[in-house]
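The values are calculated or read from the model by the stated rules, or taken from the named source; none is laboratory data. What you see is a predicted model; the values in this text were computed from it and never measured. Neighbour counts run over all protein chains shown; Cβ positions are idealised from the backbone, glycine included. Heads up: the accessible areas ignore ligands, DNA and RNA and are worked out on the full protein's heavy atoms, side chains in. Shrake-Rupley method; radii C 1.70, N 1.55, O 1.52, S 1.80 Å.
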Amino acid sequence: MTEQLRLMAVHAHPDDESSKGAATMAKYVSEGVDVLVATCTGGERGSILNPKLQGDTYIEEHIHEVRKKEMDEAREILGVRQEWLGFVDSGLPEGDPLPPLPDGCFALQDVDEAAGALVKLIREFRPHVITTYDENGGYPHPDHIMTHKISMVAFDAAGDPEKYPGTGEPWQPLKLYYNQGFNRPRTVALHEALLERGLESPYGEWLERWKSFQKRERTLTTYVPCADFFEIRDKALIAHRTQIDPDGGWFRVPMEIQKEVWPTEEYELARSLVDTSLPEDDLFAGIRNN
């Protein structure tokens, strides 16, 4: 592989790129990899999750513009490129029964039609590797599940000259991964490390809830060492200030413990058109030497 390596990370909302795989992206940027974040929606229906900003009328009335500026700041911190696919946030329905999704939202789009926007971007950027969400969306937000669906269609279609005519020259990515950073082994390891040091763990209730989930354990295939970029990850995440409380649970595990106990970000290899040996420590394993 003599040309520059390219990585595309497909995410549902602004801030997802900073909470899922951000240290990995920053690591690859430092190595000269061209990294592009594809953001499916503008996060228009996202709530203001930072209690310090709740009740701010300007933010509430201009949430789309505010979140776009937050994304610009996070992008600069990570050193990545970023493109909007232009779909409208579906919101996270709550209640029993769940209310219907809003007309015109991302999750209600025709999957094959919506995938065309991602196919066009893949053919323009020509990534060797794509990261996205698993079939559960990582968690069952309708936009995350839809992101998975269009990513799978686009991965298979982008290299087919008969699919999506008029969206550029065909390009076949070589590998596709699911983000699995919020996995049980990591959570248990950090939880136990905190308790062993006499510190309070933010994961106790989380692990109790995990026991009640009827959710299969994912297969972690790829562990990317990226502890040196955890600070950049956190800085990018804090840039999404409407979504993240810098004094909240995300940041309660001391950085030195994170780096010592779990210095990687994890992925599940979902598709590969190159030979590779598992487990991996590189998303480009099998590509660099071909």
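Under a 1.4 angstrom probe, counting protein chains only, how are H62, H191, H128 ranked by accessible area, largest first?
The residues order as H62, H191, H128, largest area first.
Accessible area, 1.4 Å probe, largest first: how do R252, R6 sort?
Putting R252, R6 in descending order of accessible area: R252, R6.
What does the helix-only formula give at 222 nm for the chain: each DSSP H stretch with n ≥ 4 adding -39500 (n - 2.57), the total divided by the residues, and the result rounded to the nearest 500 deg cm²/dmol?
Helix-only estimate at 222 nm: -10500 deg cm²/dmol.
Starting from 0.36 nm per residue, how many nanometres of slack lie between D110 and E76 once their C-alpha separation is accounted for?
In short, 9.0 nm is gained.
Considering only C-alpha atoms, what is the centroid distance from region 105-151 to region 25-60, in Å?
If you average the Cα positions of each part, the centres end up 17 Å apart.
In whole percent, and with a 1.4 Å probe on the protein chains, what portion of the accessible area of region 1-149 is carbon and sulfur?
In region 1-149, the share of accessible area belonging to carbon and sulfur is 49 percent.
Could you state how much accessible area T221 has, in square angstrom rounded to the nearest 10, with a 1.4 Å probe and all protein chains kept in place?
Number for this one is 10 Å².
Once both labels are modelled 7 Å past Cα along the beta-carbon direction, what's the R288-R197 spacing in nm?
Distance between the two pseudo-spin positions: 3.0 nm.
Given points 7 Å out from each Cα along the Cα-Cβ axis, report the E256 to E94 separation in nanometres with one decimal.
3.9 nm
Using only Cα atoms, locate the centre of region 253-283 and the centre of region 228-252, then give the distance between them in Å, rounded to an integer.
Taking the Cα centre of region 228-252 as reference, the centre of region 253-283 is 20 Å away.
Name the shape class, rounded, prolate or oblate, that the alpha-carbon gyration tensor gives for region 91-213, where a ≥ b ≥ c are the square roots of its eigenvalues, rounded holds for a/c under 1.5, and otherwise prolate holds if a/b is larger than b/c and oblate otherwise.
Since a/c reaches 1.5 but b/c is at least a/b, the shape of region 91-213 is classed as oblate.
Using the scaling law 2.2 N^0.38 Å as the reference, what is the normalised Cα Rg of region 110-157?
1.10
I need the Kirkwood Rh of region 1-147: take the reciprocal of the average 1/r across all distinct C-alpha pairs and report it in angstrom.
Result for region 1-147 stands at 16.2 Å.
Beyond 32 Å, how much of the Cα-Cα pair distribution for the chain remains, as a whole percent?
24 percent
Which order do K211, K27 take by accessible area at a 1.4 Å probe, largest first?
K211, K27
Which of the GluC sites (Glu not before Pro) found in region 4-94 are loop residues per DSSP with 11 or fewer other Cβ atoms within 10 Å of their Cβ?
In loop regions of region 4-94 (DSSP not H, G, I, E or B), the sparsely surrounded GluC sites (Glu not before Pro) are E31, E94.
In the full protein assembly as shown, how much of D156 is accessible to a 1.4 Å probe, in Å² to the nearest 10?
80 Å²
Past the 31 Å Cα-Cα mark, which pairs from K68/K120; K27/K163; K20/K211; K52/K120; K27/K68?
From K68/K120; K27/K163; K20/K211; K52/K120; K27/K68, over 31 Å: K27/K163; K52/K120.
Amide H to amide H, which residues 5 or more places from A270 or on other chains are under 5 Å from it, using H placed in the peptide plane?
For A270, whose amide H was placed from the backbone, the distant partners under 5 Å are L176, Y177, Y178.
Excluding R241 itself, calculate the net charge of residues whose Cβ lies under 11 Å from the Cβ of R241, where each Lys or Arg counts +1 and each Asp or Glu counts -1.
-2
What per residue convex hull volume, in Å³, comes out for region 155-270 when only alpha-carbon positions are used?
Value for region 155-270: 170 Å³ per residue.
Under a 1.4 Å probe, what is the accessible area of the chain per residue, stated in Å²?
48 Å²
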